[in-house]
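What follows is a single structure, written as structure tokens, with notes after it.
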Amino acid sequence: MKRLLLLVTLMVICCYEVRACDICGCGVGSYYIGILPDFKKRFVGLRYQYKTLTSHLGPGGTTSYLTTAETYQTAELWGGWNIGKRFRVIGFVPINFNSRENQGNTMSRSGLGDIAVVGYYQLLDDQHTVGNKLLVQSLWIGGGFKLPTGKYEPAEHKENEDAPNNFQLGTASTDFTLNAMYDVRLMDFGINANVSYKINTNNKYDYQYGNKFTANLLAYYKIKLAKNLTVAPNAGILYETAAKDVEAKKISVDISGGHSLMGTLGAEATFASFSVGANFQPVLSQQLADMRIKAGNRAMVHFTYLF
């Protein structure tokens, strides 16, 4: 048990030192997983994510006539499939709805985002008793890729060089992720940890989003309310850090990169073959694009069918 906790800690530290795209979590390229539905074979469902961003801030976060409010909403088809006892595949097909408002003028953009697939291998699957209590733990490691299926408009960045290059449906690049999921549960109380490192490549427009590291830690408690109904309230933290974007393979983009720390408060409910969940993610601290960008609180809900 101690060795496994040390392994997860080292993974987080190593990824953090790399200092790994978009302004943390908003716009393109965010694949928050959290606690997966409790499924045995397969699941498919819909997720809705809501995020906001304020750009064109002055010194100390002051606002001006240039300050812009941006909203990013995503309706996402997602699914997972356990292949045998050791392999798992999870896929995401997002439809993005972006809007930007400044001085009473609103600009909108919507459409298919970048499709992503992640594969996992179960490195640990252990169940044993501690005294008279059951301890269950699992560790999944893997990697994935993201396809450039979302529309990217290079003119958007060229015309708004003082704004983050976030107002896109996709990145126009094929990107890769390294992932790990660890879950440990003593009877009904558990802790879930997810870490991922996203490696972005240069797109055909000679723009490269910065690599991004994401880690979240959640504590949950399963409450059985009826024979087929289980509710699991959860709470934790989410940390994201991204390197600055690069264009022309060598020019660093000032309005990019940074880090944020968010809280997470939510609940998951499973009834027979259906699972629903929701969470709220308030901002605890942030430093984005040299303080010229400010992210708002986030929210997510999902409805999933288990089969």
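Every number in this text was worked out from the coordinates using simple rules, so none of it is lab data. Since this is a predicted model, take the numbers as computed values, not measurements. Glycine gets a Cβ as well: all are built from the backbone with ideal geometry, and neighbour counts include every protein chain shown.
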Subject >> Net length gained if the chain between Ala75 and Ile95 were fully extended (0.36 nm per residue, minus Cα distance) >> reply: 6.7 nm
Original post:
So if R0 is 30 Å, what FRET efficiency would Ile199 and Leu66 give, r being the distance between their Cβ atoms, rounded to the nearest 0.05?
Top reply: 0.35
Original post:
Say the cut-off is 26 Å between C-alpha atoms; which of Lys85/Lys151; Lys204/Lys250; Lys40/Lys224; Lys85/Lys212; Lys51/Lys204 go over it?
Top reply: Lys85/Lys151; Lys85/Lys212; Lys51/Lys204
Original post:
Hey, what D do you get for the range 156-307 in µm²/s if you plug the Kirkwood alpha-carbon radius into Stokes-Einstein at 4 °C and 1.567 mPa s?
Top reply: 73
Original post:
Just how large is the dipole of the chain about the Cα centre, in debye to the nearest 20, putting +1 at every Lys and Arg Cβ and -1 at every Asp and Glu Cβ?
Top reply: 1140
**OP:** First select every other residue whose beta carbon is under 12 angstrom from the beta carbon of Gly142; then total the charges, Lys and Arg +1, Asp and Glu -1.
**Re:** +2
Original post:
Along the principal axes of its C-alpha atoms, what lengths does the chain span, in descending order and rounded to whole Å?
Top reply: 63, 36, 36
**OP:** Give me the number: length gained by fully extending Asp125 to Tyr305, i.e. 0.36 nm times residue separation minus the C-alpha to C-alpha distance, one decimal in nm.
**Re:** 62.4 nm
**OP:** With a 10 Å radius around each residue's Cβ, average the other Cβ atoms per peptide and rank 124-131, 296-303, highest first.
**Re:** 296-303, 124-131
Original post:
Any idea what diffusion coefficient the range 91-148 gets from Stokes-Einstein, in µm²/s, Kirkwood Rh on alpha carbon pairs, 4 °C, 1.567 mPa s?
Top reply: 83
